[in-house]
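Here the structure is laid out as structure tokens; the discussion comes afterwards.
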Amino acid sequence: MRDSTITFSKPEKIPLYDEKIITPMVSFSEQKSNFNSTLSVSACYCHCQGKLLFLKRANDSPQENTWTVPGGKLEINESPVNAAIRELYEETGLICVENNLSFIKTIHIRYPTNDFTYHMFFSNFLNLPTICLKVREHKEFAWLTLDEIKEYPIILGGLEALEYYKHYIVEHPEVEN
């Protein structure tokens with residue numbers, strides 16, 4: 001059965017998290033010898049007119065009511081780039097082809113309970129596309145600057161991943177055009 005979809009235009013702002021409830025997390029760009037990845041995730045950093053696309057996670061989902069970029073777990077035998085394309089379509093309705101994606105970085109993330117690999121991709125949109133959310137997964141979307149996202153509760157590890165994104169943009173300014 002297919003999820004119902006809905007389109008939103010303006011996000012609801014939510015106060016920042018109480019720092020005491022955030023779970024400790026470590027990320028590193030090189031895999032450590034004791035790193036035991038239990039899954040892989042791909043994400044697409046969608047850029048348009050100086051802003052990134054963020055999605056607000058639905059109630060009853062892990063880390064509910066936090067904001068994140070489109071992405072999700074790789075399926076069996078799926079490549080990271082194909083997972084990024086699939087997740088972007090499933091979560092937003094946006095169609096992207098491999099030629100329109102740039103690889104940013106793969107990072108290794110350690111939570112207290114598990115390790116996982118996070119593949120980061122970038123896509124630039126010249127005009128704001130129509131977003132159609134799957135209500136079961138996300139309840140709002142917003143195009144936000146890197147400064148604006150700091151006012152929202154972002155998914156655990158999201159701010160650290162944004163640092164890698166910022167380094168990528170500085171090193172590859174041509175991708176924003």
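Nothing in this text is a laboratory measurement; each read-out follows from the coordinates by a stated rule. Keep in mind that this is a model prediction, so the values were computed, not measured. Cβ sites come from the backbone with ideal geometry, for glycine too, and all protein chains shown count toward neighbours.
General observations
- Pairwise Cα separations in region 63-118 fall into 10 Å bins from 0 onward with the following percentages, short to long: 19, 50, 28, 3.
- Kirkwood hydrodynamic radius (C-alpha pairs) into Stokes-Einstein, region 125-177, 4 °C and 1.567 mPa s, D in µm²/s: 97
- Taking amide H as placed 1.01 Å from N in the peptide plane, GLY93 has its amide H under 5 Å from the amide H of CYS132, each at least 5 places away in sequence or on another chain.
- Using alpha carbons only, the radius of gyration of region 41-90 set against its Kirkwood radius gives Rg/Rh = 1.01.
- The 3J(HN,Hα) values that the Karplus relation (6.51, -1.76, 1.60; θ = phi - 60°) gives for region 129-146 are, in residue order, x, 6, 9, 10, 7, 8, 4, 5, 9, 9, 10, 8, 9, 7, 9, 10, 6, 5 Hz. Gly and Pro appear as x.
- For HIS138, the residues 5 or more places off, or on other chains, whose built amide H falls under 5 Å of its own are ALA58.
- Averaging the sequence gap over all C-alpha pairs within less than 8 Å and six or more residues apart, then dividing by the number of residues, gives region 34-177 a relative contact order of 33 percent.
- Loop-located trypsin sites (Lys or Arg not before Pro) in region 128-177 whose Cβ has at most 16 other Cβ within 10 Å (DSSP): ARG136
- In sequence order, region 99-106 has phi-based couplings of 5, 9, 10, 10, 6, 8, 5, 10 Hz under the Karplus curve 6.51 cos²θ - 1.76 cosθ + 1.60, θ = phi - 60°, and Gly or Pro positions carry x.
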